1. Taking the criterion of being of a type in the set (Ser, Thr, Tyr) and modelled with pLDDT under 80, would at least one residue in the stretch 222-244 satisfy it?
2. Answer yes if at least one residue in the stretch 107-116 is buried (at least 21 other Cβ atoms within 10 Å of the Cβ), closer than 26 Å to Asn381 by Cα and within 18 Å of the chain's Cα centre (by Cα), and no otherwise.
3. Here are the criteria: (1) closer than 23 Å to Met136 by Cα; (2) modelled with pLDDT of 95 or more. Tell me which single one Ala52 does not satisfy.
4. Is it the case that the stretch 377-387 has a residue that's of a type outside the set (A, V, I, L, M), open to solvent by less than 20 Å² (accessible area, probe 1.4 Å) and either assigned to a loop (DSSP other than H, G, I, E, B) or modelled with pLDDT of 90 or more (or both)?
5. Given Leu315, Leu338, which one is surrounded by 15 or more Cβ atoms within 10 Å (Cβ to Cβ), farther than 30 Å from Gly174 by Cα and not β-branched (Val, Ile, Thr)?
6. For the stretch 390-413, give me each residue that is modelled with pLDDT under 90, of a type outside the set (S, T, N, Q) and over 13 Å from Ile82 (Cβ atoms).
7. What number of residues within the stretch 167-183 are more than 12 Å from Ala103 (Cβ to Cβ) and open to solvent by less than 10 Å² (accessible area, probe 1.4 Å)?
8. Would a scan of the stretch 345-366 turn up a residue that is among the hydroxyl-bearing types (Ser, Thr, Tyr), part of a helix (DSSP H, G or I) and open to solvent by less than 40 Å² (accessible area, probe 1.4 Å)?
Amino acid sequence: MKRGLKSQQSSFTKLKTEQEAATRASFRVALEIAKRGKPFTDGEMIKECIIAVAEEMCPEKVNLLKTVSMSANTVARRVENIAENISSQLFDKNGHVEWFSLALDESTDVSDTAQVLIYIRGVDKSYEVHEELLDMYSIHGTTTGRDIFKGVEMAINQKNLRWKNLKCITTDGGKNMSGKDKGVVSFVSKAVEIDGGSKPLVLHCIIHQQSLCGKCLDMSEVLKPVISTVNFIRSFGLNHRQSDNLLKRLEKMTYLIILPHTTETEFPIDFAIETLNALKINFDTRFSDFDAIANQIKIFQNPFDTDIEILAPELQMEMIDLQCRDIIKNKYQNSSLLEFYKRLPLTQFDNLHKFARGLFSVFGTTYLCEKTFSKMKYIKNVYRSKLTDEHLKSLLILGTSKISPQLQTIVSGKSQLHKSH
């Protein structure tokens, strides 16, 4: 009887172990599907492929592999669970940040829903920096500054953050984002002030500004002949083939073609000077927000070449002490900026540390938002236009996060481990 009881216990243990392994395998497949932005239904196809391989290479394992659940509904649930786990880890990280900055951008998906991406760059006292998708806020109505701010406020409150720790907010420069009175930036600044913090830095994404500066150049007269020629070549397959053959023959002959210059196609010096002057004025105007923090950036990049008189009172004594220490200066010259500040004695330079960590948290661009929008349009396309906002957010979190999901923790938290159906 005792032997029979041990045999039953061993069977139950083995069964539970197999079920846990099958569940972990299901989560791992769901994670790979989500990272690549593939449809949830691909799980069934992957399972069929695994079983086909097993039938050829290890037939004795086929029945075990069939217990791995990879139906579309299961994959969707797995993706939700993993996204929740990553968000909970980010929640813990946010609880320790000294400074954080936000990058915001808004775009419309294939179903005409406005999706606002909120990225965070947080820095804690040990100079650990993390950049993650804080939240995706879906808007089905108007996209005014107040509407977008509601999503930002909700994310801040839910993710264990304090407004007073916000160092900078970077946007694409749209009116609903950077409007003086009704833009998101205005509402955020008020929230920071109410929470007892200093007014955050406000930056217009460098990439957007460069693009806008380029639009001030009218190069149509120069580009028109080139565009016309390319359009003619690409308009018909025959033209393209003939042009291709001509270029190949010319390449073999190693001839150099010199196109005759006419007065219409010449590039006048006066036009060049006028264009460059206009571009300089446009750059100076658009990048004025960076000029406003130029002194802070200079102090941050090279504290040993800083005029003490321009510093805030709390930094002056520490900076005098710093500039008098040759050993620390040698460390600055022989290490990266991040490593230099990490090694700087904390007790003697507490205010300088706080200043540096704040600038380490700043976003210069909304590049991460733009990159994620490209991924969003790949995931939610015309063939997946019914994908829910929650599933889209989960897929974007898994597709962009640098945080590793705790799969064992997720599986251990399951009260029941279901086999495939």
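The values are calculated or read from the model by the stated rules, or taken from the named source; none is laboratory data. The shown structure was predicted, so the numbers you read here are calculated from the model rather than taken from an experiment. With ideal geometry, Cβ positions are generated from the backbone for all residues, glycine too; neighbour counts draw on all protein chains shown. Note: areas computed on protein heavy atoms with side chains; ligands, DNA, RNA excluded. Shrake-Rupley method; radii C 1.70, N 1.55, O 1.52, S 1.80 Å.
1. Within the stretch 222-244 (the criterion being of a type in the set (Ser, Thr, Tyr) and modelled with pLDDT under 80), the answer is no, since none of the residues qualifies.
2. yes
3. Of (1) closer than 23 Å to Met136 by Cα; (2) modelled with pLDDT of 95 or more, only one is false for Ala52: (1).
4. Within the stretch 377-387, one or more residues are of a type outside the set (A, V, I, L, M), open to solvent by less than 20 Å² (accessible area, probe 1.4 Å) and either assigned to a loop (DSSP other than H, G, I, E, B) or modelled with pLDDT of 90 or more (or both).
5. After applying the criteria, what remains is Leu315.
6. Listed by number, the list is empty, since nothing qualifies.
7. Total satisfying the criteria: 1.
8. Scanning the stretch 345-366, I find no residue that is among the hydroxyl-bearing types (Ser, Thr, Tyr), part of a helix (DSSP H, G or I) and open to solvent by less than 40 Å² (accessible area, probe 1.4 Å), so the answer is no.
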